[in-house]
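Enquirer: What follows is a single structure, and I will ask about it in a moment.
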Amino acid sequence: MTVARRRLLQSLTAAGVARPAAAQSSEPGIGDLRAIGTLRGAPLNDGRLRILQPVIARRLVQLRALRELEIDDSVAPVTGILVR
Amino acid sequence: MARPDIVFQPVTRLANLIRTRKLSPVEVVRACLDQIDAHNPRVNAFLTVTAEQALQQARTAEKEIMGGRYRGVLHGIPYAPKDMLATRGIRTTNGSKVTGDWIPDFESTVTARLSQAGAILIGKLNLLEFAMGSGQTGLAGPARNPWDLAYSPSGSSSGSGAAIAAGMVPLTIGTDSGGSVRGPAKSCGVVGLKPTFGRVSRFGVTSLSWTLDHVGLLARTVADTASLLRVIAGADPRDNAAAARPVPDYARSLTNHVKGLRIGVPTRHFFNHVDGETDAALRRALTLLKDMGAVTVPVEVRHAGITSAASGIILGSEAAAFHEQRLSRNAALFDPLVRERLEAGTFYSATDYIRALRIRTMLMEEMHRVFGECDVMMLPAGNPPPRLEGEIVNSDAPTQPPAPPRPDVFNLANMTGIPAIVLPCGFTAGPPVLPLGIQFCARPFDEVTLFRIGHAYQSATDWHTRTPAMG
C-alpha cells in the first residue's frame, strides 16, 4: 500500500505528530490512523482502528497540554532515574 | 495459638513466637492454607497455591529453628508474590492468557532473597493482566475486596492487597508503576510501600514500564514492611538499575518519635477530587501527628498537574515497546483493555516521549526543592475503590456516564523515583464500609523517615488492627 506524501502529512498533523497551530484542535479519523499504522510498519484493520480512534482522540487532549508547556532549553530528558 | 488467631497477627509477633519456639512455622502455614481454602473461592486473591511445597518448607524451617539455626525475622513466615515475579518451576502467569502456562526456569531476585531468609512461598497472587488490564477479563477474573466483595481491591496488585486483608498471608509482594501497590493497600486497609527506584531489584519481574516500574511491599504493619524491605533491598548485578547503596537497619527507625518532623502539605492539585470522608480522615491524621510533635508546612509542586499526562506517555510507550512482539503474535489473547492500551501506545511520537522525560527532570528538581522545606510530604491515597460488577476498572475508553474524576496522587513518586508509603487512616461510614488511606513521600532512599512516621502513626491508632467480617 502506498501513501501519498500529502496524505501522510495530513495524517501526521491530525495525530499530532506534526503540529501546525491550525491543526491543533483536529481529531484523527480512521483514515489518518490507518496511514500512520502503515507508515510505522504495523497496520491495524479498520475494526481495531474504530476501537482506538476515541482512545487516541482523548489522549490527544493530554498530549496537547504537554506540548503547550514551556520547557527551558536547559532541561534535558531524564537519562537515569537516580545516581547509583 | 488457635489458627484463627494466627492469620491476622503481624509478622513481628509471629516471628517472636517462632523464634522462641512457642509457635511452629507448620502451624502458621496450615493456618494460612485454611484461610485460603475458606475464602479464596470468593476473594480470588490467589491464582496458584503451593500448599505441599509450603508445608515441606515449613517442616524444614521448624527443624532448623529447633536445631538452633534461626535465620531471622522472616524465617518460617509465609509470603506470596504478585504473579509477575518469576518463580523457578512454578507457573508464572502475569494474569494473562498470553503467558498463562509459563513455568520459568529461573528465580526473581526478590523471591530468591526471601527464600534465603527462610520465608515460605505459599502461592502466587492475582493481578490485573500485565499490571495494566481491566481486572475483568484476564486469566482468572477479578480479585475482590475482602471488606466488601462487590468492590474492587484496586489494582494492579489486586491479589496482593486482598490476600493480606483476608488474613490469607501476612506479607505480599506487588509491583508499582503508577500506584499499583499503594492503591490496593489503601483499598484493602493495609500498608503498602513503593521503595525508592533502585532500592529493590527487578530482576525476574515482568516489565510494564522499565523506567517507572518498582517492586513494592504490602503488610499489615509498618514494622512488618520494614522487616521485609531489609531482606529484599540491595544491589543486584542482574538489574543495572539496582542501587549499590547499603541497606539500613530499618528496625532502628521504629521509634514513636516524630517531634519536630516537618510534614509538607501541598497547597494545590493533589486534593482535587478527593471525597469528603477521605479529606476528613486526612485532617484527623494530621492533627494527631501534630499533637505528637510533628509540624506541618505548606509546599507546592508547581508542575504536579502535568504529571499524569507525562507519566501516561512514558508508560504507554514503554509498555507498547515491551509487548510489541507478543501483541503481533497473540493479539486476540490479550485482555481487550490491555490490547487497546498497547496499540494506542504505538501512536506516541519520539518527541512526545522525550518531552515527557524532560518534564520528569523538572519534577525531580521540584521534589528536591520541596524536600528542602519538609522531611515528608503528605498526600491522599485516592478515593474508595469502584464497584466491580459491570464496571471495567481503569478503562481508557470514554464511558457513559463519564467516570467520576479521580485525584492523581500516585504518579509523582514513580516519575521522580521517591519512596512513598500508604497507611490505613479510617473507614467510610458506609454502607459500604471501606478503608481510607493516607500517603507519605520522602527523599530518595529515605525509607527510614517513612517508617518512622508510619510506625508512630500506627502506634497511636488502631485502623491497621481491624479485620473484615467476610461473612
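Enquirer: Within a 10 angstrom radius of the beta carbon, how do B:Y70, B:Y457, B:Y79 rank from fewest other beta carbons to most?
Expert: Fewest to most other Cβ atoms nearby, the residues stand as B:Y70, B:Y457, B:Y79.
Enquirer: Treat every Asp and Glu Cβ in segment B:1-106 as -1 and every Lys and Arg Cβ as +1, leave all other atoms uncharged, and give the resulting dipole magnitude about the Cα centre to the nearest 20 debye.
Expert: 340
Enquirer: So, one more: Only helices at least 24 Å long along their axis, Cα-based, and averaging 0.0 or more on Kyte-Doolittle count here, so list those DSSP H runs from chain B.
Expert: Qualifying helices: B:304-322.
Enquirer: From the square roots a ≥ b ≥ c of the eigenvalues of the alpha-carbon gyration tensor of chain B, which class results: rounded (a/c under 1.5), prolate (a/b over b/c), or oblate?
Expert: Taking the square roots of the gyration eigenvalues as a ≥ b ≥ c, chain B is rounded.
Enquirer: Charges only on Cβ, +1 for Lys and Arg, -1 for Asp and Glu: so what's the dipole of segment B:67-198 about the Cα centre, in debye to the nearest 20? Let's see the in-between values first.
Expert: Details: 12 positive and 7 negative charges, 62 e Å.
Roughly 300 debye, rounded to the nearest 20.
Enquirer: While we're looking at this one, here's another question. Sequence neighbours fewer than 8 away in the same chain don't count; with that in mind, list the lysines whose C-alpha is under 23 Å from B:K82.
Expert: B:K97, B:K124, B:K186, B:K194
Enquirer: Over the whole of B:346-359, what's the average partner chain Cβ count within 10 Å per residue? Rounded to a whole number, please.
Expert: So the per-residue partner count for this stretch is 6.
Enquirer: Working out 0.36 nm times the residue gap between B:I103 and B:V433, then minus their Cα-Cα distance, what length gain in nm do you get to one decimal?
Expert: Taking 0.36 nm per residue and subtracting the Cα distance, the gain is 114.9 nm.
Enquirer: Related question: List the relative contact order of chain B as a percent without decimals, with contacts defined as Cα pairs under 8 Å and 6+ residues apart.
Expert: Averaging sequence separation for qualifying contacts and normalising by length gives 18 percent for chain B.
Enquirer: Let me ask another. Hey, rough spin-label estimate for B:A235 and B:E64, points 7 angstrom out along Cα→Cβ, what's it come to in nanometres?
Expert: So the label points at B:A235 and B:E64 sit 2.5 nm apart.
Enquirer: While we're here: Once the dipole of the protein assembly as shown is set up with Lys and Arg at +1 and Asp and Glu at -1 on Cβ about the Cα centre, which of B:Q116, B:Y348, B:L288 lies farthest towards its positive end?
Expert: Final value for the positive-end residue is B:Q116.
Enquirer: Now a separate question. Please work out the C-alpha center-to-center distance from segment B:317-374 to segment B:41-62 and express it in whole Å.
Expert: Spelled out, the Cα-based centre of one part sits 35 Å from the other.
Enquirer: Contour minus end-to-end for B:T137 and B:A51, with contour as 0.36 nm per residue of separation and end-to-end as the Cα-Cα distance?
Expert: Net length gain for the segment: 28.3 nm.
Enquirer: Where in segment B:265-283 is the amide nitrogen less than 20 Å from a point lying 7 Å along the Cα-to-Cβ axis of B:V297?
Expert: Of the residues in segment B:265-283, B:265-270 have backbone N under 20 Å from the label point off B:V297.
Enquirer: How many nm is it between the label spots at B:R42 and A:S26, if each spot is 7 Å from the Cα in line with the beta carbon?
Expert: About 5.7 nm, to one decimal.
Enquirer: How much length would be gained if the chain were fully extended between B:A244 and B:R284, taking 0.36 nm per residue of separation minus their Cα-Cα distance, in nm to one decimal? Numbers along the way, then the final one.
Expert: On the way: separation 40, 0.36 × 40 = 14.40 nm, distance 3.88 nm.
So the chain would gain 10.5 nm between B:A244 and B:R284.
Enquirer: What's the magnitude of the charge dipole for the protein assembly as shown around its Cα centre, counting Lys and Arg as +1 and Asp and Glu as -1 at the beta-carbon? Answer in Debye, nearest 20.
Expert: Rounded to the nearest 20 debye, it is 560 debye.
Enquirer: Show which lysines lie in cross-link reach of B:K63 when reach means a straight Cα distance below 21 angstrom and same-chain residues fewer than eight apart are skipped.
Expert: Result set, ordered by chain and number: B:K22.
Enquirer: When Cβ neighbours within 10 Å are restricted to other protein chains, what is their mean count per residue of peptide B:301-311?
Expert: Working: counts 0, 0, 2, 0, 2, 5, 0, 2, 8, 4, 0.
Partner Cβ neighbours, averaged per residue: 2.
Enquirer: Let me ask something else. Taking the number of other C-beta atoms within 10 Å as the exposure measure, put B:E62, A:E70, B:E324 in order starting with the fewest.
Expert: A:E70, B:E324, B:E62
Enquirer: In what order do B:C32, B:C188 fall by count of nearby beta-carbon atoms within 10 Å, going from fewest to most?
Expert: With the sparsest Cβ surroundings first, the list reads B:C32, B:C188.
The numbers here are math on the coordinates, done by the rules we state, and not lab data. Computed from a prediction, not measured in an experiment: that's the story for all the values here. FYI the Cβ positions are ideal-geometry reconstructions off the backbone, even for glycines, and counts take in every protein chain you see.
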